[in-house]
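A.B. asks: Dumping the structure here so I can ask a few things about it.
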Amino acid sequence: MASLSLQHIDKTYPNGFKAVKDFNLEIADKEFIIFVGPSGCGKSTTLRMIAGLEDITGGEFKIDGKLMNDVEPKDRDIAMVFQNYALYPHMTVYDNMAFGLKLRKVPKDQIDKAVKDAAKILDLDKLLDRKPKALSGGQRQRVAMGRAIVRNPKVFLMDEPLSNLDAKLRVQMRTEISKLHQRLGATIIYVTHDQTEAMTLGTRIVVMKDGVVQQIDTPQNLYDHPCNEFVAGFIGSPQMNFMDAQVKVNGGKVILTVGEHKLEVPADKAKAIIDGGYDGKTIVLGIRPEDVHDEAEFVQKNPNSTISAPIRVYELLGAEVYLYFDFAGTQMTARVNPKTPARAGDTVTFALDMDKTHYFDKDTQKTITD
Amino acid sequence: MSDLNQIQKSLAELKKLTGLTLTMERMPEGSEEEAAEKLNRLVTAWKSSYDREAFIRKLLTGTVREDDLENAASRFRLKEHTSRELYLVRAGDPFGHEAERVLKNLFVTKSGDLFVKMNDHLIVLIREHDPSAGPEQIEVTAHTIADMLSTEILVYAKVAYGLTGEALSDLSGTYGDALTALKIGDIFYSNEQVLTYGSLGLGKLIYDLPVESCRKFLAETLGDVDPAGFDDETVALINAFFENNLSIAEASRQLYLHRNTMSYRLDKLRQLTGLDLRVFDDALSLKVAMMIAGRLKAE
């Protein structure tokens, strides 16, 4: 069993740089937790503090209720997988996986069992005698995972393990890692800057920015109810569209002026805007590309939320099309059906699905309505 | 250890190194200390003459004479004229034998590959440079060294790397640069695990400035405003703006801010400091001021 508790964790380097600030998280046994955020947000630093590779400046870190702050990394019962791994070139797959255990003077028979068990889980059992140069990229990646699995740790810590792989292999390995989690029944903490990886792998996601946790939630909740502009913009691809909107409250209704267009906010969202005292102020309206519609039927049914603009770029992805256009000084993206007749240069009328809009305070960037 | 014990130890060591059995038969009274010292120096000299790792250690610290270099290169089968990659690995805790095993198994795979333990906290890895490998590949290797130590033995190490010129004697310069890179990294880039001297830019320049000049610059540029007192949000804003070449659009995207929010915050900063980051000269002044403040704090 491996539950983890991080309470008020801080990391300040000797030169005063604060990499992690007041990080709080409770991780249940067998969870697959993702730390996600842009480069430099503190996610890898937090992972290293959990591993014991970096000191914790402030706060408490516990595994199964036991304080770990001053416990040596080798005594924390963890195993790590990193982005930049290398296999020992002159050793077989077996020896590559066994090496770490040999260094720790684990008995031979235990090493043998651990390696063969891990190899079976990873479909490497027929490759144990091969050398790294005879392996494919995916097989090598699995050997790197095998190094961690043989330790039979309480917690796996993975720091961008797929970042160096090509796109196709990355997708394949994502599935493998997901299956691995189910087979091992282990607690995994996984760091990535790729929000697609985060959304597909995690049971819960910790979104970080500048050393601070922005939101901790399930992938679906993060997508549907982002707590601030940063999370809204970071999660989801293509990125959410943002635009400034001037608020006017008129008899219980909220009308937004965006550029030269007027949009009415749905009643359930209007209340929060009114109660927040935003009348006469500028807020930020967010809408995901898939909620910007060009279908004639939708546009007809939503005449009060239409906008028109010439298409700058048309991108066909196969199952969908992205249309890029400028609106009210903002570059916007619409994700539409590939059957759309719209092409670059055409002026298209879109309708915004106002029920799917998000609203953010311009100064604090926090959500007003979610 | 007593002088007699030291003498015995040195004689045993010499036997191991040379195969010759040397004994002390008669020693003038009071000369044990001198004898112990001379024998110890003899052992050290012999080791450094015939021990490859000891020779490289001397070469890195610049204590090999130019005229000894050719002979030594031939004796230790080192190519005199080839470019090499040097990786300096530093850990907070002393390196144990496990680190040596990991790095040797990973890195020392050809005759030109070298592993040198400088002290308990510093290891140098050297290998001949493949001309087809670009600078990115060398950086990846440095990251791999750091990550493998973390993976296999759960040790956090920093790695500074560099590429030498064609001469064997260039190793000491590259080693010196790597050491300096680690020092500058400790001041300005403390969250970076991998560093190279060539990419330290302003950090290098500021590192070499006299302290008084630094203080004067801060007073002239910012008056009473102390960059060390900027809040985290301001620091993130400034860094993102610099990282994105003073582009509001790109910096906004990096910070996931609306560009109007970005402009608003830049205006606030101008009110505080008198410097408008959208103007190149002002941005440069603030960048230098912040780095100088960091360096002074480290002092």
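A.B. asks: With a 1.4 Å probe and every protein chain left in place, work out the accessible area per residue of the range A:87-138 in Å², rounded to a whole number.
C.D. replies: Accessible area per residue, the range A:87-138: 55 Å².
A.B. asks: So what's the range A:1-140 giving for Cα Rg divided by 2.2 N^0.38 Å, two decimals?
C.D. replies: 1.26
A.B. asks: In Å², and per residue, what accessible area does the range A:187-308 have when probed at 1.4 Å with the other protein chains present?
C.D. replies: About 40 Å² of surface per residue is accessible.
A.B. asks: If you don't mind, there's one more thing I want to ask. Specify the angular offset, from 0 to 90 degrees and rounded to the nearest 10, of the alpha carbon long axis of helix B:97-107 from the longest principal axis of the alpha carbons in chain B.
C.D. replies: 80 degrees
A.B. asks: What are the ³J(HN,Hα) couplings of the range A:90-99, residue after residue, when phi is run through the Karplus curve with 6.51, -1.76, 1.60 and θ = phi - 60°? Round to Hz, x for glycine and proline.
C.D. replies: 9, 9, 6, 4, 4, 5, 4, 6, 7, 3
A.B. asks: Another one. Find the relative contact order for the range A:1-140 and round it to a whole percent, using C-alpha pairs within less than 8 Å whose residues are 6+ positions apart.
C.D. replies: 20 percent
A.B. asks: How much length would be gained if the chain were fully extended between B:S169 and B:D51, taking 0.36 nm per residue of separation minus their Cα-Cα distance, in nm to one decimal?
C.D. replies: 40.7 nm
A.B. asks: Please state, to two decimals, what the Cα-based radius of gyration of the range A:225-370 comes to when divided by 2.2 N^0.38 Å (N = residues).
C.D. replies: With N residues counted in the range A:225-370, Rg over 2.2 N^0.38 Å equals 1.02.
A.B. asks: Find the Rg to Rh ratio for the protein assembly as shown, where Rh is the Kirkwood radius over alpha-carbon pairs and Rg uses the same atoms.
C.D. replies: 1.05
A.B. asks: Let me ask another. Mind checking the full-extension length gain between B:D276 and B:K104? Use 0.36 nm per residue of separation minus the Cα-Cα distance, one decimal, nm.
C.D. replies: 56.7 nm
A.B. asks: With θ set to phi - 60° and the Karplus curve 6.51 cos²θ - 1.76 cosθ + 1.60, what are the ³J(HN,Hα) couplings of the range B:189-205 in order, to the nearest whole Hz, using x for Gly and Pro?
C.D. replies: Using θ = phi - 60°, the values come out as 10, 5, 8, 8, 8, 10, 9, 9, 4, x, 10, 8, x, 4, x, 5, 5 Hz.
A.B. asks: How long, wide and thick is the range B:197-240, going by the Cα atoms along their three principal axes, in whole angstroms, largest first?
C.D. replies: The principal-axis extents, from largest down, are 29, 25, 12 Å.
A.B. asks: Could you work out the percent of alpha carbon pairs in chain B separated by over 30 Å, rounded to a whole number?
C.D. replies: 52 percent
A.B. asks: May I ask you to give the solvent-accessible area per residue for chain B, in square angstrom, as obtained with a 1.4 angstrom probe?
C.D. replies: 52 Å²
A.B. asks: Below 8 Å between Cα atoms, with a sequence gap of 6+, how large is the relative contact order for chain B in percent?
C.D. replies: After rounding, I find 14 percent.
A.B. asks: Convex hull volume of the Cα atoms in the range B:160-209, per residue, in Å³?
C.D. replies: Dividing the Cα hull volume of the range B:160-209 by its residues yields 67 Å³.
A.B. asks: Between A:L316 and A:R104, what is the spin-label point distance in nm, taking each point 7 Å from the Cα along the Cα→C-beta axis?
C.D. replies: 5.4 nm
A.B. asks: Which whole number gives the average, over all residues in B:37-45, of C-beta atoms from other chains lying within 10 Å of the residue C-beta?
C.D. replies: Going residue by residue through B:37-45 and averaging, the value is 0.
A.B. asks: Show me, bin by bin at 5 Å from 0, the whole-percent P(r) of the range A:208-303 based on Cα pairs.
C.D. replies: 2, 11, 18, 20, 21, 16, 8, 3, 1, 0
A.B. asks: Can you list residues from other chains, or at least 5 along the same chain, whose modelled amide H is less than 5 Å from the amide H of A:K362?
C.D. replies: Result for A:K362 returns A:V284.
A.B. asks: As an exercise, find the ratio Rg/Rh for the range A:252-291 from alpha-carbon atoms, using the Kirkwood inverse-distance average for Rh.
C.D. replies: 0.96
A.B. asks: May I ask you to derive the FRET efficiency for A:T200 and A:A167 from their Cβ-Cβ distance with R0 = 22 Å, giving the value to the nearest 0.05?
C.D. replies: 0.95
A.B. asks: Let me ask you something else. Direction-averaged shadow area of the convex hull around the Cα atoms of the range B:247-299, nm²?
C.D. replies: 4.1 nm²
A.B. asks: Let me ask something else about it. Among the residues of the range B:250-299, which ones have their accessible area go down by 50 Å² or more when all the protein chains sit together, as opposed to their chain alone (1.4 Å probe)?
C.D. replies: Relative to the lone chain, where solvent access is computed with a 1.4 Å probe, the range B:250-299 loses at least 50 Å² at B:Y256, B:H258.
A.B. asks: Taking the C-alpha atoms of the range B:83-124, how large are the radius of gyration and the largest Cα-Cα span, Dmax, in Å?
C.D. replies: Looking at the range B:83-124, its Cα Rg and Dmax stand at 10.3, 31 Å.
A.B. asks: How crowded by other chains is B:187-193, given as the mean number of beta carbons from other chains within 10 Å of each beta carbon?
C.D. replies: Average neighbour count from other chains, rounded to a whole number: 4.
A.B. asks: Hey, got the average number of other protein chain Cβ atoms within 10 angstrom for residues in A:79-86?
C.D. replies: 6
A.B. asks: Accessible area drop of at least 10 Å² (1.4 Å probe, protein heavy atoms): which residues of the range A:35-71 qualify, relative to the chain alone?
C.D. replies: Those residues are A:P38, A:R48, A:L53, A:E54.
A.B. asks: Just which residues of the range B:150-180 lose 20 Å² or more accessible area with every protein chain there, against their chain alone, with the probe set to 1.4 Å?
C.D. replies: Residues of the range B:150-180 that lose at least 20 Å² of accessible area once the other chains are added: B:S150, B:T151, B:E152, B:L154, B:Y156.
A.B. asks: List, in order, the whole-Hz ³J(HN,Hα) value for each residue of the range B:85-91 obtained from phi through the Karplus relation with A = 6.51, B = -1.76, C = 1.60 and θ = phi - 60°; use x for Gly and Pro.
C.D. replies: 3J(HN,Hα) across the range B:85-91, in whole Hz: 9, 10, 10, 9, 10, 10, 10.
A.B. asks: Oh, and also: Can you figure out the FRET efficiency of B:A228 with A:K74, using R₀ = 35 Å and their beta-carbon distance, to the nearest 0.05?
C.D. replies: Rounded to the nearest 0.05, the efficiency is 0.40.
A.B. asks: For the protein assembly as shown, give the percent of accessible area contributed by carbon and sulfur heavy atoms, probe 1.4 Å, rounded to a whole number.
C.D. replies: 48 percent
A.B. asks: What's the FRET efficiency of A:A28 with B:A298 using the Cβ-Cβ distance as r and R₀ = 60 Å, to the nearest 0.05?
C.D. replies: Rounded to the nearest 0.05, the efficiency is 0.90.
A.B. asks: Right, something else. Treating cross-link reach as a plain straight distance, find the aspartates and glutamates whose alpha-carbon is under 16 Å from the alpha-carbon of A:K116, omitting any fewer than eight places away in the same chain.
C.D. replies: List returned: A:D95, A:D125, A:D129.
A.B. asks: Shifting gears a bit: Between chains A and B, what is the buried accessible area in Å², counting both sides, with a 1.4 Å probe and ligands, DNA and RNA left out, to the nearest 100?
C.D. replies: Buried area between the two chains comes out at roughly 3600 Å².
A.B. asks: Considering just Cα atoms, how many Å³ per residue does the convex hull of chain A enclose?
C.D. replies: 173 Å³
A.B. asks: Okay, next question. So what's the range A:273-319 giving for Cα Rg divided by 2.2 N^0.38 Å, two decimals?
C.D. replies: 1.60
The values are calculated or read from the model by the stated rules, or taken from the named source; none is laboratory data. Note that the coordinates shown come from a computational prediction; the quantities given were computed from them, not determined experimentally. Every residue, glycine as well, gets a Cβ built from its backbone with ideal geometry; the counts of neighbours run over all protein chains shown. Calculation scope for accessible area: heavy atoms of the full protein, side chains included, ligands and nucleic acids excluded. Shrake-Rupley method; radii C 1.70, N 1.55, O 1.52, S 1.80 Å.
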